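A short reminder: the numbers here are calculations on the coordinates, not readings from a lab. Just so you know, these numbers come straight off a predicted model, no measurement behind them. FYI the Cβ positions are ideal-geometry reconstructions off the backbone, even for glycines, and counts take in every protein chain you see.
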Amino acid sequence: MIGSSLGLSLARRGARVTLIDQDKPGCGCSYGNAGIIATDSIFPIASPLTLALMPLMLLQKSSPLRLDPKAIPKLSPWLLRFIAASTPGQFKRGTLALSKLTGGALEAWNQLLTNNPGARFQQSGGWLELYGSKASLQAHRKMHRLQRAHGILVSDLDRQAIREMADSVDPGFCHGVHFNRPNWFSSPYEVVKAMVDEVSELGGEIVNRRVLSITGEDHSALVHTDDGSYSADRVIIAAGADSAAFTKELGDPVPLIAERGYHIMLPGPGIDLSLPVMFADYKVVATPMSEGLRLAGTSELTTDDSPPTAGRIESLVNLAPKLLPGINLEGYEEWMGRRPTLPDSLPVIGQARHHRAVWYAFGHQHLGVTLAAITARLVTQSIFGEKPVIDLTPYRPQRF
């Protein structure tokens, strides 16, 4: 999603673009996300609240968070950075930095998809966040107040309003809010495909190769693949969770890990939802997609070489009928993706320290869809010598 957005933004400015990916367009982490342009998501996951809740979540088998005990030695440097980023002061600074990006995210998407076939997959109407108890609602009230202070429209919902907007959800969810302004994509894959197709139509080259290394200078860079090298005036590394290997070679080590997420896709769910629903107590989102209904969520921290955890999918399958009574699970498809995650919950957007021809755009964690278009705008403006609409200092790779 990030790479295709960058490619389209640059190609429309007249740049000759080459997109290099070992997979087909749209088959990475963006393929399986919940599809929401979550302009209300202004809070870093690294927070005092997360630290307070983490011990309990780690002890619960059905928790939305799983930390693989075998991975703790390898992940401990990242975890220590996460703890350091979760202080009240860091949380406040992170919230401000994220809100600047999310504040321009929807308008950036609207502009990027103008006259692009991918626009037909962009849906409006906002999304719901539901709570299973009044206590759960009250626990989120401080966040709602902060969101409103940042200009986010948050409408309270009672039981009747929830029934009118999402009568398929379990009646036990009698408290909720409606984030009115966010949009969502009913097929993130098709959006990526449409953007890549336009890049090709504008003269861009789509290369299906595995990148081995990148070497850069001040005015040019070389991308070395398993089938030859490509020279460019500018190279942008937007390789998701695999980006850190390249930045380290270029002199910019970053503490990036792959945070796993899972989904189940139901081709014939047997129920209707008109907009996405977040079940806040379970950190699971149900999104109506062109291909059916997607239930996405969970967070798993483990090593890259460990196999998918069957329990993560089982948890989603077991939760589905509790959240959405009457749902048809027959023929569901399961998926696992790797979110590129940094300990301070902010992306890396900026120029390489020693190689001025190389730029970075990765680490968007849960907000890859949300921030793809605004990231593309910021990097494009910078490459063309313009002042970006947002100060990039909080996202610079050298902050670590």
_For a quick size check, give me the Cα extents of the stretch 43-146 along its three principal axes, largest first, whole Å._
49, 37, 30
*On full extension of the chain, what length is gained from residue 161 through residue 145, given 0.36 nm per residue of separation minus the C-alpha to C-alpha distance?*
3.7 nm
*Say we join alpha carbon atoms closer than 10 Å with springs in a Gaussian network model of the chain; which of 137, 293, 49 then has the biggest fluctuation?*
49
_Label-point separation, residue 80 to residue 224 (7 Å along Cα→Cβ), nm_ = 3.2 nm
*Using the number of other C-beta atoms within 10 angstrom as an exposure proxy, rank 156, 242, 305 with the fewest first.*
305, 156, 242
_Other-chain or far-sequence residues with amide H under 5 Å of residue 185's (modelled H)_ = 36, 37, 123
*If exposed GluC sites (Glu not before Pro) are those in a DSSP loop with at most 14 other Cβ within 10 Å, what is the longest stretch of the chain that has none?*
1-216
*With a Cα-only, solvent-free Debye model of the stretch 162-300, what are the log10 I(q)/I(0) values at q = 0.10, 0.15, 0.16, 0.17 Å⁻¹?*
-0.57, -0.95, -1.00, -1.05
*Label residue 68 and residue 93 with points 7 Å out from Cα along Cα→Cβ: what is the distance between them in nm?*
3.2 nm
*For the chain, with a Gaussian network of springs between Cα atoms less than 10 Å apart, report the residue from 103, 363, 125 with the top mean-square fluctuation.*
125
*With a 10 Å Cβ neighbour count serving as the proxy for reagent exposure, in which order, fewest first, do 102, 114, 298 appear?*
114, 102, 298
*Which net charge results when you count Lys and Arg as +1 and Asp and Glu as -1 among the other residues whose beta-carbon is under 12 Å from that of residue 189?*
0
*When the helix-only estimate is applied to the chain (DSSP H runs of n ≥ 4, each -39,500 (n - 2.57), divided by the residue count), what is the mean residue ellipticity at 222 nm, nearest 500 deg cm²/dmol?*
-10500 deg cm²/dmol
*List the relative contact order of the chain as a percent without decimals, with contacts defined as Cα pairs under 8 Å and 6+ residues apart.*
26 percent
*Return the subset of 74/100; 24/387; 92/142; 61/322; 142/283 for which the Cα-Cα distance in this structure is over 24 Å, preserving the input order.*
74/100; 24/387
*Could you tell me whether the stretch 196-272 comes out rounded, prolate or oblate from its Cα gyration tensor? Rule is a ≥ b ≥ c as square roots of the eigenvalues, rounded for a/c under 1.5, then prolate if a/b exceeds b/c, otherwise oblate.*
oblate
*How big is the chain on each of its three principal axes, counting only the C-alpha atoms and giving the largest first in Å?*
60, 45, 42
*Stokes-Einstein D in µm²/s, Kirkwood radius over Cα pairs - the stretch 23-80 at 37 °C with 0.692 mPa s viscosity*: 227 µm²/s
